[in-house]
Amino acid sequence: MSRAQDAWEIMTQTRNRLIAAGTTDPHEIARAIDAAYPFGERCYWPYKAWLSARRKFFTIHGLPLRAQKRQPTGDLVDTAEEATDGPPAH
């Protein structure tokens, strides 16, 4: 099996176990799935495969996805300039 298939199987087993135990809260199920990560350190290809499978699994099963991290935009630069009342004088 591939890492993504392994990840999918673990997510399915974790979700099914919680549902059988009476857990219906999607946030609790999501936390349990995240805690079931099986590949050791969260880096490199195994982690990327997990995240890809997680994104698909969570979308299909209506589980909450985390907000994506975004790179800062020009707003931070604009705010810094406003805080100093414009560019520095030379």
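Among the candidates Asp34, Asp6, which residue alone is touching a residue at least 24 places away in the same chain (Cβ under 8 Å) and under 19 Å from Ser52 (Cβ atoms)?
Working: Asp34 fails: touching a residue at least 24 places away in the same chain (Cβ under 8 Å).
Within the list Asp34, Asp6, the selection yields Asp6.
Quick one: in region 44-55, of everything that is without any contact (Cβ under 8 Å) to a residue 40 or more places away in the chain and basic (Lys, Arg), which residue is farthest from Met1 (Cα to Cα)? Please lay out each step first, then the result.
So the first thing to find is which residues in region 44-55 are without any contact (Cβ under 8 Å) to a residue 40 or more places away in the chain, and the list is 44, 47-48, 51, 55.
Narrowing the set further to residues that are basic (Lys, Arg) leaves 48, 55.
Working: Lys48: 16, Arg55: 19 Å.
Here the answer is Arg55.
So which residues in region 49-77 are of a type in the set (Lys, Arg), at pLDDT below 95 and either loosely packed, with under 10 Cβ neighbours inside 10 Å or outside any loop (DSSP other than H, G, I, E, B) (or both)? Spell out the reasoning first.
The first filter runs over region 49-77 and keeps only residues of a type in the set (Lys, Arg), leaving 54-56, 66, 69-70.
Adding the requirement that they be at pLDDT below 95 leaves 66, 69-70.
Matches in region 49-77: Lys69, Arg70.
Which residues, taken from region 32-48, are surrounded by 14 or more Cβ atoms within 10 Å (Cβ to Cβ) and of a type in the set (Gly, Ala, Ser)?
Selection gives Ala32, Ala36.
Looking at Gly86, Gly22, can you tell me which residue is at pLDDT 95 or above and part of a loop (DSSP other than H, G, I, E, B)? Write out each step before concluding.
Numbers: Gly86 fails: at pLDDT 95 or above.
Within the list Gly86, Gly22, the selection yields Gly22.
The values are calculated or read from the model by the stated rules, or taken from the named source; none is laboratory data. Quick caveat: nothing in here was measured; it's all calculated off a predicted structure. Cβ atoms come from the backbone with ideal geometry, glycine included; neighbour counts cover every protein chain shown.
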